[in-house]
Amino acid sequence: MTEVSPGVPAYAQLRGHTPPGSSWGVFPEDPERGMANFAGARQVLEAAASVERGAVFSLDHALDAFDPPMARARKAPQHELLSSHAEARDDVLREFYLQATSQVDGLRHRRASGHGFYNGVGDDEIRPGTEALGVQRWAEKPIVGRGVLIDVEGLLRAEGHPVDHRTGPALDVDVLDRALRAQGEQVRPGDLVLVHTGWARWFLDAEPDVRAEVRDARRATGFRQSLELPAWLWDHRIALFATDTFAVEVLPVVPGSPYADSAPEDAGMMHQELIAKLGVPLGELWNLTDLVADSRRTGRWDALVVVKPLHLVGGVGSPPNATALR
């Protein structure tokens, strides 16, 4: 795996790139893996050496857990069993939307408005079956390293301000640093950062009318659209950023988003900044419930984390098939 030079520019310098805030051209080897390159061989070895108990945690929800999915254009898959004779079974998934449940967004998911896909890849290269920026890049070389769990839900509850997911609050970046300090933890270069807000578990446990309400309003807890979040991710040299929320960023977009002009198609969402410009492997709707329960019990917040999306050439996204080991 590629080891990234310590001379990588700071985010403030990336703001002078074209497009502004992009890491295009920063990774000379395996450029289509984006910031996953920050997790190299050293990070894998150190994380593997930290496994002590043999405890294993799945970080994926079931494929049909969100039925109907929050995104109205997606559907939960329909599972059918097939049989050519009485002694055999095969199966097939109909309407299998790869981003309808726990997912990792690939670098085809969002284009940088006016500039193209990550690293300037043109629209003509983003077609079914073509390789450019496909999610298979993270299947060919899985994203593996030290995962650090940041318990934002636990922090805000301890501070006396529990998250009201029904209202879909916007989280500021400083909550990450506050939670890390409370946990006695820090982010290291190459880490896979997992943020627990409790949103997915709340949504799945909510009454059907409440789920319908937030789905119809496209309202979900997430990070405020800001210049600070991309800077935090890049300057910490993280290799993956995953949360248990619907879109990582808050929806609807906050008034006054700094990306209102650069991402008008999405009303100023940050997705183009994180995916199309920085090249962040972005995890959404991850299942962090069991992992955070173990962390709260043991006081340990890191783990060896393995992320291996489906090997779909030209895929836009995929279930992460993510596993944490302690």
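The values are calculated or read from the model by the stated rules, or taken from the named source; none is laboratory data. The structure presented is a predicted model; accordingly, all values stated were derived computationally and were not measured. Don't worry about glycine lacking a Cβ; one is built from the backbone with ideal geometry, like all the others, and counts go over all protein chains shown. Quick note on the areas: whole protein, heavy atoms, side chains included, nothing else; ligands and nucleic acids left out. Shrake-Rupley method; radii C 1.70, N 1.55, O 1.52, S 1.80 Å.
The C-beta contact set for the range 46-66 (first residue within 16 Å of ALA293 (Cα to Cα) and open to solvent by 30 Å² or more (accessible area, probe 1.4 Å), second residue among the charged types (D, E, K, R) and not in a helix (DSSP H, G or I), distance under 9 angstrom, 6+ apart or interchain) comprises ARG53/ARG326; VAL56/ARG326.
Candidates GLY160, GLY190: the one that is assigned to a loop (DSSP other than H, G, I, E, B) and touching a helix residue (DSSP H, G or I) at 6+ places or on another chain (Cβ under 6 Å) is GLY190. Checked against the criterion of being among the acidic types (Asp, Glu) and at pLDDT below 95, the candidates GLU125, GLU29 yield just one match: GLU29.
Restricting to the range 249-305, what's the tally of residues that are under 14 Å from LEU227 (Cβ atoms) and aromatic (Phe, Trp, Tyr)? The number of residues fulfilling the criteria is 1.
Evaluation of ASN37 against the conditions (1) free of Cβ contacts under 8 Å to residues at least 40 places away in the same chain; (2) open to solvent by less than 20 Å² (accessible area, probe 1.4 Å); (3) not in a loop (DSSP other than H, G, I, E, B) shows that the sole unmet condition is (1).
Quick one: how many residues across the range 4-30 are closer than 23 Å to SER113 by Cβ and either of a type in the set (D, E, K, R) or open to solvent by 50 Å² or more (accessible area, probe 1.4 Å) (or both)? Looking only at that region, the number is 8.
Is it true that VAL26 is of a type in the set (A, V, I, L, M) and either closer than 28 Å to LEU325 by Cβ or assigned to a helix (DSSP H, G or I) (or both)? So VAL26 fails the test.
Out of all the residues in the range 171-184, is one or more open to solvent by 40 Å² or more (accessible area, probe 1.4 Å), modelled with pLDDT of 95 or more and closer than 25 Å to ASP60 by Cα? Spell out the reasoning first.
If we filter the range 171-184 for residues that are open to solvent by 40 Å² or more (accessible area, probe 1.4 Å), which is where we start, we get 172, 174, 177-178, 181-182, 184.
Now restrict to residues that are modelled with pLDDT of 95 or more: 172, 174, 177-178, 181-182, 184.
Now restrict to residues that are closer than 25 Å to ASP60 by Cα: none.
The answer is no, given that none of the residues of the range 171-184 is open to solvent by 40 Å² or more (accessible area, probe 1.4 Å), modelled with pLDDT of 95 or more and closer than 25 Å to ASP60 by Cα.
What number of residues in the range 278-301 are under 17 Å from the mean Cα position of the chain (by Cα) and farther than 27 Å from LEU251 by Cβ? Adding up the residues that qualify gives 0. Among the residues of the range 209-236, those that are part of a helix (DSSP H, G or I), over 15 Å from the mean Cα position of the chain (by Cα) and of a type in the set (A, V, I, L, M) comprise VAL210, ALA212, VAL214, ALA217, ALA231. Exactly one residue among TRP234, TRP286, TRP202 is in contact with a helix residue (DSSP H, G or I) (Cβ under 8 Å, 6 or more places away or on another chain) and surrounded by fewer than 23 Cβ atoms within 10 Å (Cβ to Cβ), and that residue is TRP202. In the range 268-279, the count of residues that are open to solvent by 10 Å² or more (accessible area, probe 1.4 Å) and in contact with a Gly (Cβ under 6 Å, 6 or more places away or on another chain) is one or more. Note on the range 155-169: among residues that are small (Gly, Ala, Ser) and open to solvent by 30 Å² or more (accessible area, probe 1.4 Å), the one that is nearest to TRP301 (Cα to Cα) is ALA158. Within the range 257-269, residues that are on the phi > 0 side of the Ramachandran plot sit with their Cβ atoms under 7 Å from residues that are surrounded by fewer than 18 Cβ atoms within 10 Å (Cβ to Cβ), at 6+ positions apart or across chains, in these pairs: GLY268/ALA260.
For ILE126, state whether it is of a type in the set (Val, Ile, Thr), surrounded by fewer than 23 Cβ atoms within 10 Å (Cβ to Cβ) and under 27 Å from VAL26 (Cα atoms). The answer is yes for ILE126.
Exactly one residue out of VAL51, VAL4, VAL8 is at pLDDT 95 or above and of a type in the set (Val, Ile, Thr), and it is VAL51.
Among the numbered conditions (1) surrounded by fewer than 20 Cβ atoms within 10 Å (Cβ to Cβ); (2) farther than 26 Å from PHE27 by Cβ, the only one that THR101 does not meet is (1).
Kindly evaluate GLY21 against the criterion of being assigned to a loop (DSSP other than H, G, I, E, B), touching an Asp or Glu at 6+ places or on another chain (Cβ under 8 Å) and not charged (D, E, K, R).
On the way: assigned to a loop (DSSP other than H, G, I, E, B): yes; touching an Asp or Glu at 6+ places or on another chain (Cβ under 8 Å): yes; not charged (D, E, K, R): yes.
Taking the combined requirement at face value, the residue satisfies it.
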